[in-house]
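Notes for the one structure printed next.
A short reminder: the numbers here are calculations on the coordinates, not readings from a lab. Just so we're clear, the structure is a prediction, and the values are computed from it rather than from any experiment. Cβ placement follows ideal geometry from the backbone for every residue including glycine, while neighbour counts extend to all protein chains displayed.
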Amino acid sequence: MVRKYWLAVTFAAGIALGFLFGHSSEVERPVERIGAGDPPLAPTPAPAMAPAPASRRADLPPARPVAPPAEPPRRAAGPPASISFAVENAEPERFDYDNYSGYSLPVDAGPNFGAQIADSIRNGRRDSLAQEHVQLERELRDDSWSYPLEAELQNMLAADPVMGKFKVEHLECRATRCELRVSGKVRMEQESGINQWLSNMHRIAWPGDVRVGTAVFSGTEDGSEGMLMLHRPPAKN
């Protein structure tokens, strides 16, 4: 009886030991595989994906090349400015009428031409009529030339079919110039002969071979008036 009891105990103990040894071997097997170089049990994180090229990304438009800034259009070279344009943009030429301290005796230029000459002198404006008038006032009178010439001019103007319609308001000769001022109830726009005479006055045979320097004719309320500056011919050697 006792023998059967010990056999049963021994058999139960063997079963228990076999179970323990078998369980421990199953537990140790993963450890042995890890040590043998097998991949780790923990999941390896997935590698980050490289960003797609800019041209393939749906959220950004494809990059466009930046063009260099365009050069401003060059202005084509044109012809040089005309003389009239250059004169219009230049400083007005001035004349110093007062820079003189010698002899001067006034000459009557009449109300209209006198106002024009005075305005040119006051503003220092270059005016051929004002310049010649001032030059005449600064000349001494040469009686040997002036007296006979003034008489010849009076006779010539009275006999002329056009100038005979005008009245000689003033005629004065000095040393190298004569100033002739006339007026008349003649409308220049109605008398074609006046314009023709003015066009030919440089070809007229004037007494004493004088020539016309400056001539100004203008219309007035009563008709027309004019002023002529006559120059003495140069002395012959």
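Structure data summary
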{"quantity": "Filter result for Arg211 (crowded, with 19+ Cβ neighbours inside 10 Å, of a type outside the set (A, V, I, L, M, F, W, C), within 49 Å of the chain's Cα centre (by Cα) and closer than 20 Å to Leu129 by Cβ)", "calculated": "no"}
{"quantity": "Failed item in (1) farther than 19 Å from Gln131 by Cα; (2) touching a Cys at 6+ places or on another chain (Cβ under 9 Å); (3) surrounded by 17 or more Cβ atoms within 10 Å (Cβ to Cβ), with Tyr147 passing the rest", "calculated": "(3)"}
{"quantity": "Selection count, segment 170-200, where residues are assigned to a strand (DSSP E or B) and out of contact with any strand residue (DSSP E or B) (no Cβ under 7 Å at 6 or more places or on another chain)", "calculated": "1"}
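Condition check ((1) part of a loop (DSSP other than H, G, I, E, B); (2) crowded, with 16+ Cβ neighbours inside 10 Å; (3) touching a residue at least 24 places away in the same chain (Cβ under 8 Å)) across all residues:
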residue	(1), (2), (3)
His202	no, no, no
Ser218	no, no, yes
Glu221	yes, no, no
Met227	no, yes, yes
Pro233	yes, no, yes
Asn237	yes, no, no
